[in-house]
Amino acid sequence: MPPKTAKRRLGDVLLEQKLVAEDQLRECIGVQRSTGQSLAHILVERGYLSEEDLVVTLSEQLSIPHIRVGNYNIPQEILDEVPESLARQYQMLPVSVTGDVLTIAMVDPLNIMALDDLRMLTSYDIQPVVAVQSELIEAIERHYGGKQSTELYDELVSGDDAKDGLEVVEERDDIGDISTMEEEAQDAPVIRLVNLILVKALESRASDIHVEPFEKVLRVRYRVDGVLEETKNPPKSVQAALTSRLKIMSNLDIAEHRVPQDGRFRIKFKGREIDFRISFLPCYHGEKVVMRVLDKGSLTLDLDKLGFEQQPMEAFKEALKLPFGMILLTGPTGSGKTTTLYSALHKLNQIGTNIVTVEDPVEYELFGVNQVQVHAEIGLTFAAGLRSILRQDPDIVMVGEIRDEETGDIAVKAALTGHLVLSTLHTNDASSVFTRMIDMGLEPFLVQSSVGLAAAQRLLRRVCPDCKEVINVPEDVLTRIQYTHPKGADPPTFVRGRGCSRCKDTGYRGRLAVIEAMTNYPELQELIMKCSPASDIKRAAIKCGMKTLRQNALAKAAAGLTTIEEVLRVSAAD
């Protein structure tokens with residue numbers, strides 16, 4: 001049986017730790033007696049105590065663990081052990097059952113009345129753990145359901161259309177007569193719900209918004225710094241109207257639910273225009289919606305500000321000086337390839353240069369660059385678009401992606417006939433670019449003579465500047481992760497993020513790019529001609545001075561910009 005919590009009052013513990021003053025405590029106790037609210041809630045609400053200080057103090061002083069309840073997905077059978085009314089009254093959430101012990105997350109584990117009530121009700125021994133109040137309240141709403149969605153919807157019904165400061169710039173009015181769906185989609189509460197979802201995403205710096213239908217829940221998640229985070233869920237009952245509203249905004253067919261649809265729309269928010277690329281995918285319980293946020297205001301078009309290490313930056317700049325040839329960028333979806341290519345085009349964009357692109361889709365509009373949107377349904381594919389733009393007297397050509405042999409063949413021939421061609425490819429690293437193009441069916445001698453630079457890019461989460469702390473990393477660990485300290489460089493400063501309210505206790509806030517740039521060194525050309533494995537090409541490039549993705553990522557960690565864990569997450573051993 002776990003030991004029972006010592007019966008010490010919360011105020012005494014906080015005074016002992018000098019986290020609140022006596023007059024502040026007396027004031028809050030008076031409020032507690034008149035309102036019945038918990039002392040912890042009043043102290044935090046009045047700004048006398050931070051949620052983090054409260055949790056850490058209770059955890060350390062009472063030897064009670066603290067947890068992040070936002071990361072828990074609690075089974076229904078555990079939730080059934082504690083009635084919803086009691087969970088809301090005492091701000092507690094059942095977390096797990098082990099034998100005859102029920103673990104309960106609480107804001108105030110010193111609330112003996114709550115513990116005794118729960119002990120008598122459930123017949124379990126109660127083991128309290130401490131949780132951050134805001135997270136606990138949100139978790140209670142999310143797990144017990146109903147009230148959160150209803151209150152959110154009620155707020156939207158009674159809300160003010162102009163309150164969120166968001167305006168749809170482009171919207172279609174000439175929709176066909178799909179009466180019920182369209183009427184629901186144009187209903188003011190649904191419009192406000194969509195606006196709220198978009199505003200919350202922009203305020204959270206999200207790159208993507210996921211709206212996912214399940215049997216009894218409509219889940220909304222935001223991708224922030226590359227990781228999906230769940231937010232408050234709208235009621236399941238508005239699923240059809242919400243989806244229809246988004247289709248209306250994107251100029252899509254609201255009556256079609258059987259096939260995937262893609263579109264885009266634009267909004268104006270706080271004086272700036274923001275584009276959204278949207279995709280609808282039919283799933284078992286409805287259409288899943290994913291929106292990519294294309295915020296021109298956050299787009300960095302200065303190549304020098306992308307933060308590349310010295311070797312890849314020099315290699316990239318030298319490649320941009322080539323009169324002809326191919327610059328190929330590789331990496332997974334969402335790794336920043338488009339931003340890097342646009343930054344390169346921005347640098348090359350001069351009055352005496354004709355730049356034409358063919359993209360799917362055109363993500364950002366660049367003044368002075370002629371951008372072509374792919375429309376495969378009418379025959380305007382990458383290959384067809386590339387053929388056409390080569391008759392437009394281009395100096396520089398950018399192809400959104402080389403997906404097949406036909407596009408690759410045209411791009412290679414364009415590079416060999418006096419054009420600088422920029423494009424992307426899907427491979428794991430820079431050396432695999434050459435083998436991938438040969439696998440597409442292109443002749444090795446054409447690949448060897450046309451590719452001027454192959455680069456692989458990833459995005460690392462940046463350590464939170466508000467809670468980062470320096471750590472000591474043992475030498476054997478540095479050896480295992482292949483870190484070698486450059487001669488004459490400053491001593492490494494490895495850091496980690498403790499977690500704070502600014503970074504939502506993740507330890508990370510923001511992202512930075514890391515790149516591996518492989519010049520087509522003369523030493524590689526024979527290997528490419530012989531169709532050698534990518535690993536052999538990579539080893540030869542390293543001997544010629546190329547820094548690998550892992551090496552460049554570790555340099556970011558040694559500079560205190562990210563963590564070793566993040567480096568290991570995005571890069572493979574060399």
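The values are calculated or read from the model by the stated rules, or taken from the named source; none is laboratory data. Given the structure is predicted, the values throughout are model-derived calculations rather than measurements. As a convention, Cβ positions derive from the backbone with ideal geometry for all residues, glycine included, and neighbour counts pool all protein chains shown. Surface areas here come from the heavy atoms of the whole protein model, side chains and all, with no ligands, DNA or RNA. Shrake-Rupley method; radii C 1.70, N 1.55, O 1.52, S 1.80 Å.
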Handout entry: Sparse-neighbour loop sites [trypsin sites (Lys or Arg not before Pro); the range 261-367; at most 16 other C-beta within 10 Å; DSSP]
Key = LYS270, LYS321
Handout entry: Of LEU524, GLY325, ALA376, farthest towards positive along the dipole that unit charges on Lys, Arg, Asp, Glu beta carbons give the chain
Key = LEU524
Problem - Gain on full stretching of the segment that runs from THR417 to ARG391 - 0.36 nm per residue minus C-alpha separation - result: 8.1 nm
Fill in the blank from the handout: Only helices counted: for the chain, with every DSSP H run of 4 or more residues adding -39500 (n - 2.57) and the sum spread over all residues, [θ] at 222 nm is -11000 deg cm²/dmol
Exercise for the section: Determine ³J(HN,Hα), in whole Hz, for all residues of the range 376-386 in sequence, where each value follows from phi through the Karplus function 6.51 cos²θ - 1.76 cosθ + 1.60 and θ = phi - 60°; x replaces Gly and Pro. Expected result: 5, 5, 10, x, 8, 8, 4, 5, 5, x, 5
Practice task
Specify which labelled value, from [x] -0.36, -0.48, -0.62; [y] -0.51, -0.65, -0.80; [z] -0.56, -0.72, -0.87, agrees with log10 I(q)/I(0) by the Debye sum over Cα atoms at q = 0.07, 0.08, 0.09 Å⁻¹ derived from the coordinates of the model shown.
Solution key: [z]
Fill in the blank from the handout: Ranking GLY400, LEU446, ALA411 by how far each Cα lies towards the positive end of the charge dipole of the chain (+1 on Lys and Arg Cβ, -1 on Asp and Glu Cβ), the top one is LEU446
Problem - Relative counts (whole %) of C-alpha pair distances in the range 267-332, using bins that are 10 Å wide - result: 14, 27, 26, 23, 8, 1
Handout entry: LEU301 accessible area, assembled protein chains, probe 1.4 Å, Å²
Key = 40 Å²
Exercise for the section: Give the distance, in whole Å, between the Cα centre of the range 518-574 and the Cα centre of the range 40-105. Expected result: 46 Å
Fill in the blank from the handout: Exposed-loop cut sites defined as chymotrypsin sites (Phe, Trp or Tyr not before Pro) in DSSP loop states with at most 12 other Cβ within 10 angstrom; longest site-free run of the chain spans 1-283
Fill in the blank from the handout: Measuring from its Cα centre, the chain shows a charge dipole (+1 at each Lys and Arg Cβ, -1 at each Asp and Glu Cβ) which, in debye to the nearest 20, is 1540 debye
Problem - Spacing of the two label points (7 Å from each Cα toward its C-beta) at GLN482 and ASP404, in nm - result: 3.6 nm
Problem - Contour excess over end-to-end distance, with Cα ends at ARG68 and GLU84 and 0.36 nm allotted per residue - result: 3.8 nm
Handout entry: Carbon/sulfur fraction of accessible area - the range 379-515, other protein chains in place, 1.4 Å, %
Key = 46 percent
Fill in the blank from the handout: At R0 = 45 Å the Cβ-Cβ FRET efficiency linking ASP466 and GLU365, nearest 0.05, sits at 0.80
Fill in the blank from the handout: Contour minus Cα-Cα span, LYS305 to ASP490, at 0.36 nm per residue, comes to 64.4 nm
Completion exercise
The long-range amide H neighbours of VAL451, using H built 1.01 Å from N in the peptide plane and a cut-off of under 5 Å, are MET326
Practice task
Hey, could you get me the Stokes-Einstein D for the range 453-541, Kirkwood radius over alpha-carbon pairs, 25 °C and 0.890 mPa s, rounded to whole µm² s⁻¹?
Solution key: 149 µm²/s
Completion exercise
Taking N as the residue count of the range 334-483, its alpha carbon Rg divided by 2.2 N^0.38 Å gives 1.29
Completion exercise
Given a 1.4 Å probe, the accessible area of the chain per residue, as a whole number of Å², is 48 Å²
